[in-house]
Structure formats: structure tokens, C-alpha cells
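Some notes on the structure that comes next.
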Amino acid sequence: MLEGTYQFELKKRIQRTLPNAIIIKTDDIQGFPDLLILYNCKWAALEVKRSKDAPHRPNQDYWVRRLDDMSFAAFIYPENEGEILDELEQSLCS
């Protein structure tokens, strides 16, 4: 599955779980996570990968670590989607 196809379907699943969320596709900062999710007064960032073995581009690990220290950020791919979506919901809804 292409990353873009997976990302499109993932956004729909997040919207079903968090119906009032605003999901923003980011691409201005090199390595910045693909999706910024705003939910009530909280936020999270997700870097979407087509699989767990997909390569990381420069700065992606840096941004995911930095943003996770601030709120919630993670790499998400089909193999860990359930776990990450559970953590996302827990982070934004607690």
C-alpha cells in the first residue's frame, strides 16, 4: 500500500474516533510529522509510514522525539496502528 493511500484512510479512522478533531497535513518543515491533530485544547503529531520497515527521512526521529516530549507524537504504520491509535486517544481524551 502506498503511504498516501494509507494516510488518507488513517485520517478517516482518526476522524471516526475523534469526530471533533482537526487534522492538518504538514509538509513545510523537513522531517516534521505528516499529521498534526488538534483536539479540544490538546494536540498530537503522527509520522505516517507505509510499513514498519519503511525508511526514516532526515530529521524525522528528531521531530517525533521533540514533539512527544511536548505532548504526543509517534510513528504510525499498519503494523502498530491499533496500539498508536489507542495511545493517541488516551493522550487526547484524558
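Annotations
- Meets criteria (basic (Lys, Arg) and touching a Phe, Trp or Tyr at 6+ places or on another chain (Cβ under 8 Å)) for Lys49: yes
- The range 65-94 - residue that is among the hydroxyl-bearing types (Ser, Thr, Tyr) and exposed (fewer than 14 other Cβ atoms within 10 Å of the Cβ) and, of those, nearest to Arg50 (Cα to Cα): Ser71
- Beta carbons closer than 7 Å, at least 6 apart along the sequence or on distinct chains, pair a first residue in the range 5-29 that is over 13 Å from Ala44 (Cβ atoms) and in contact (Cβ under 8 Å) with a residue 12 or more places away in the chain with a second that is surrounded by fewer than 17 Cβ atoms within 10 Å (Cβ to Cβ) and not aliphatic (A, V, I, L, M) for Tyr6/Arg50; Tyr6/Pro78.
- Condition check for Ile76: in contact with a helix residue (DSSP H, G or I) (Cβ under 8 Å, 6 or more places away or on another chain), on the phi < 0 side of the Ramachandran plot and modelled with pLDDT under 95: no
- Subset of the range 1-42 [closer than 24 Å to Asn59 by Cβ and of a type in the set (Gly, Ala, Ser)]: Gly4, Gly31
- Residue among Pro19, Pro33 that is part of a loop (DSSP other than H, G, I, E, B) and surrounded by 15 or more Cβ atoms within 10 Å (Cβ to Cβ): Pro33
- Boolean, Asp68 is under 19 Å from Gln90 (Cβ atoms) and of a type outside the set (Val, Ile, Thr): yes
- Selection within the range 11-27 - within 19 Å of Cys93 (Cβ to Cβ) and in contact with a Pro (Cβ under 9 Å, 6 or more places away or on another chain): none
- Of the numbered criteria (1) assigned to a helix (DSSP H, G or I); (2) in contact with a Gly (Cβ under 8 Å, 6 or more places away or on another chain), the one Arg57 fails is (1).
The values are calculated or read from the model by the stated rules, or taken from the named source; none is laboratory data. These numbers come from a predicted model, not from an experiment. Ideal geometry is used to build each Cβ from the backbone, glycine not excepted, and the neighbour counts take in all protein chains shown.
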